[in-house]
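For reference, the structure is listed below as structure tokens.
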Amino acid sequence: FRDQAQAMDARTGQGSIAAWLARAELDVDNYRAALTWSLIAEHDAALGGALAGALDPLWIEGGLTVEGREWIERAQVCVDESAHPAVSARLWSAMEHLPGGELRLDCAQRAFALWESIGDARRAARALVQVASTLSFAGRHSDADAACSRALSVLRSFDDKSAVAQCLDQQGTIQLNLGNFAAARALYSQSLSEHRTLEDEVGTARVLGNLGELEFAVGDAESALNYAEEALEIDTRGKNVWYLAIRRCNAAAYRLALGDIEGATIAARAGLACSRRAQDSMMVAVALQH
């Protein structure tokens with residue numbers, strides 16, 4: 001089941017969310033049994049850690065972020081990082097992905113350092129995109145841009161199309177945060193094209209949501225709402241409650257700007273329900289504010 005989860009992890013970002021999730025969910029109870037045997041019964045911490053980390057996309061896309069955080073935290077306590085740096089790196093990367101996690105920048109930096117220490121340049125570059133995301137969220141946009149540029153060069157050398165598309169999306173968000181709207185639009189358009197070529201529904205929805213934020217920033221609430229609803233239509237094929245919370249809260253803001261108080265109320269309440277399920281206190285606050 002560890003091997004199966006790792007193979008599934010490698011296929012993330014390819015094709016239909018619903019089809020991927022339907023296959024992954026078939027073995028949820030088996031994954032839990034394997035995690036219980038390896039981590040709780042303490043038969044094989046490294047195996048359990050590798051499994052918990054590889055299940056990162058299932059924890060998120062299957063709406064199991066709270067459970068996933070518990071397994072990852074347990075694995076981090078059990079796994080000897082010096083003996084199993086690759087296992088620990090994947091765990092730190094997974095923890096950074098999960099909503100509601102504390103110290104996301106620290107998680108991303110630790111994953112990056114571990115991948116670098118074992119000479120895995122491709123995974124180190126992927127982790128560097130996560131570092132850039134957290135730096136940008138903290139307002140350190142120039143540092144984030146430098147990290148993205150460094151990562152992009154490496155990812156292109158490996159022809160890692162999925163990660164390149166994600167990196168372009170992150171660069172677009174950095175430019176959006178800096179107020180460089182034309183540059184942001186160009187980067188988002190490149191990223192969206194790459195994700196659609198890969199038939200990556202998760203990535204496509206993420207970029208559409210970001211384009212909605214861009215349109216809202218330039219004062220076009222109607223276009224923003226159209227992008228948000230297109231992203232939401234894709235996201236509802238899966239169970240990622242964190243993304244569903246973000247999309248619905250954003251839609252509430254756009255509807256408020258358009259004077260649609262009833263529609264905004266419905267969207268905000270739906271966003272609040274998803275935020276509570278994800279146990280993300282920041283998104284709960286955003287939904288309540290709307």
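The values are calculated or read from the model by the stated rules, or taken from the named source; none is laboratory data. Here the structure is a predicted model, which is why all the values come from computation and not from measurement. Cβ placement follows ideal geometry from the backbone for every residue including glycine, while neighbour counts extend to all protein chains displayed. The accessibility values were calculated without ligands, DNA or RNA, using every heavy atom of the protein model including side chains. Shrake-Rupley method; radii C 1.70, N 1.55, O 1.52, S 1.80 Å.
Summary of values
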item	result
Selected from E25, E116, E96 as most flexible by GNM, with the chain as the system and alpha-carbon contacts under 10 Å	E25
J(HN,Hα) series, the range 202-207, from Karplus relation 6.51 cos²θ - 1.76 cosθ + 1.60, nearest Hz, glycine and proline x	4, x, 4, 4, 4, 5
Residues with amide H under 5 Å from that of D200, placed H, sequence gap 5 or more	G15
Size of electric dipole in the chain: Cβ of Lys, Arg +1 and of Asp, Glu -1, about Cα centre, debye, nearest 20	140
Å² per residue, accessible surface of the chain at 1.4 Å	45
Rounded to the nearest 10 Å², the accessible area of R140 at probe 1.4 Å	110
Net charge over other residues, Cβ less than 14 angstrom from the Cβ of L198 (K, R count +1; D, E count -1)	-3
The range 149-252 - charge dipole about Cα centre, Lys and Arg +1 at Cβ, Asp and Glu -1, debye rounded to 20	320
Peptides 52-61, 161-170 ordered by average Cβ neighbours within 10 Å, highest first	52-61, 161-170
³J(HN,Hα) computed for each position of the range 68-81 - Karplus, 6.51 cos²θ - 1.76 cosθ + 1.60, integer Hz, glycine/proline x	x, 4, 5, 5, 5, 4, 5, 5, 4, 6, 7, 7, 7, 4
Convex hull volume per residue in cubic angstrom - Cα atoms of the range 62-109	71
D_trans [Stokes-Einstein, Kirkwood Rh over alpha-carbon pairs] for the range 90-157, 10 °C, 1.306 mPa s, µm² s⁻¹	136
Rotationally averaged projected area of the chain (alpha carbon convex hull; nm²)	14.0
Unit Cα scatterers, Debye sum, the range 1-155: log10 I(q)/I(0) for q = 0.13, 0.15, 0.21 Å⁻¹	-0.59, -0.78, -1.37
Accessible area of the range 114-210 belonging to carbon and sulfur atoms, whole % at 1.4 Å probe	48
Normalised contact order of the range 1-110, rounded percent, pairs of Cα under 8 Å and 6 or more residues apart	25
Karplus 3J(HN,Hα) series, Hz, for the range 105-110 with 6.51 cos²θ - 1.76 cosθ + 1.60 (x for Gly, Pro)	4, 4, 4, 5, 5, 5
Virtual spin-label span in nm between I118 and W37, 7 Å along Cα→Cβ	2.3
Dipole of the range 159-227, positive direction: furthest Cα of G219, A165, N180, with charges on the beta-carbon	N180
Area of H97 that stays accessible when all protein chains are in place (1.4 Å probe, Å², to 10)	60
Fraction of alpha-carbon pairs over 22 Å apart in the range 201-290 - percent	18
Among P57, L198, A121 the positive-end extreme of the charge dipole of the chain (Cβ point charges)	A121
Relative contact order %, the chain, counting alpha carbon pairs below 8 Å whose residues are six or more apart	15
